[in-house]
Amino acid sequence: MSRIGRQPIAVPSNVTATIENGLFRVKGPKGELQVPFNPSLEIKQEGDTLVVNRPSDRPEHRALHGLTRTLVANAVKGVSDGFTINLELKGVGYRARLQGKALELTIGYSHPVVMEPPAGVTFAVPEPTRIDVIGIDKQLVGQVAANVREVRKPDAYHGKGVRFVGEKIALKAGKSGATGGKGKK
C-alpha cells in the first residue's frame with residue numbers, strides 16, 4: 001500500500017464532506033471546494049475521518065492512490081484553515097502596495113506592475129517588502145505566488161527580486177578585479 005494513500009484524513013467538526021461518482025465536495029467556514037477523482041478509487045467517510053482505498057495493486061491504481069488522498073486532504077485543510085504563501089522583495093526601492101484588491105509592484109521597471117488576483121485568492125501587504133497570497137485552493141495559491149515571483153525573479157549576482165520567504169538564492173561570483181595592467185605588453 002502507498003504510505004501516503006493509506007493515511008486517514010481527519011475531518012474537523014465544522015467541515016462537511018460529500019462523495020458522489022468521481023467527485024468529492026467539501027464545505028467549511030472558509031468556503032467550498034470540489035475535487036474530481038478517478039471513480040475506480042473509493043473514498044469512505046468513517047465518522048470524523050476519510051479513507052481512500054484502491055481496488056487493486058495495478059500500477060495505475062497505485063499511482064492514483066496517494067495523489068487522490070493528498071488532493072482530498074488539501075481540500076479539507078483549505079476550507080477549514082486556508083493556505084498562505086509569503087513572498088518578500090529584496091532590492092533598493094522595491095516595494096508593494098494594494099490598490100483595492102489588486103497588487104501594485106514597484107520593482108525596478110519604468111512602470112509599476114499591477115496584478116489582479118483570480119477568484120478565490122487575495123493579496124495582503126503587511127509591510128512594503130512583504131506579500132501574502134491567501135486562499136483555500138492550494139494549487140491556485142501556489143500558482144498565483146509563482147506568477148508574482150515570475151515578474152522579477154531573484155538576480156543571480158545580487159539577489160534582488162521577488163522570492164519566497166526563506167528561499168536561498170545561490171549567488172554567482174562577479175568578475176574578479178582587473179590586475180591593473182601588470183603583465184600586459
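Nothing in this text is a laboratory measurement; each read-out follows from the coordinates by a stated rule. This structure is a prediction, so every number in the text was calculated from the model and none was measured. FYI the Cβ positions are ideal-geometry reconstructions off the backbone, even for glycines, and counts take in every protein chain you see.
Using per-residue counts of other Cβ atoms within 10 Å, averaged over each peptide, order 130-143, 160-173 from highest down.
Peptide ranking by packing, descending: 130-143, 160-173.
Counting Lys and Arg as +1 and Asp and Glu as -1, what is the net charge of the other residues whose Cβ lies under 13 Å from the Cβ of Glu127?
+2
Within the range 49-152, which chymotrypsin sites (Phe, Trp or Tyr not before Pro) sit in a loop by DSSP and count at most 14 neighbouring Cβ atoms inside 10 Å?
Passing both the DSSP loop test and the Cβ count: Tyr109.
Angle, helix 59-80 long axis vs. longest principal axis of the chain, Cα atoms, 0 to 90°, nearest 10?
In the chain, helix 59-80 runs at an angle near 80 degrees to the longest axis.
Can you give the net charge of the other residues whose Cβ lies under 10 Å from the Cβ of Leu89, counting K and R as +1 and D and E as -1?
Result for the neighbourhood of Leu89: +4.
Could you point to the residue in Asn38, Val76, Gly166 farthest towards the positive end of the chain's charge dipole, with +1 and -1 charges on the Cβ of Lys/Arg and Asp/Glu respectively?
Gly166
For the range 99-139, what does the alpha-carbon gyration tensor say about shape, rounded, prolate or oblate, given a ≥ b ≥ c as the root eigenvalues, a/c under 1.5 as rounded, and a/b over b/c as prolate?
Prolate, because a/c is 1.5 or more and a/b exceeds b/c.
Using a ≥ b ≥ c from the Cα gyration tensor of the range 106-178 (square roots of the eigenvalues), is it rounded, prolate or oblate, where a/c under 1.5 gives rounded and otherwise the larger of a/b and b/c decides, a/b for prolate?
prolate
List residues of the range 75-102, by number, whose backbone nitrogen lies under 14 Å from a label position 7 Å along Cα→C-beta of Ile4.
75
Hand me the trypsin sites (Lys or Arg not before Pro) from the range 17-108 located in a DSSP loop with no more than 13 other Cβ atoms within 10 Å, in residue order please.
Sites meeting the loop and neighbour criteria: Lys101.
Using Cβ contacts closer than 10 Å as the measure, can you line up His158, His61 from fewest to most?
Going from sparsest to densest Cβ surroundings: His158, His61.
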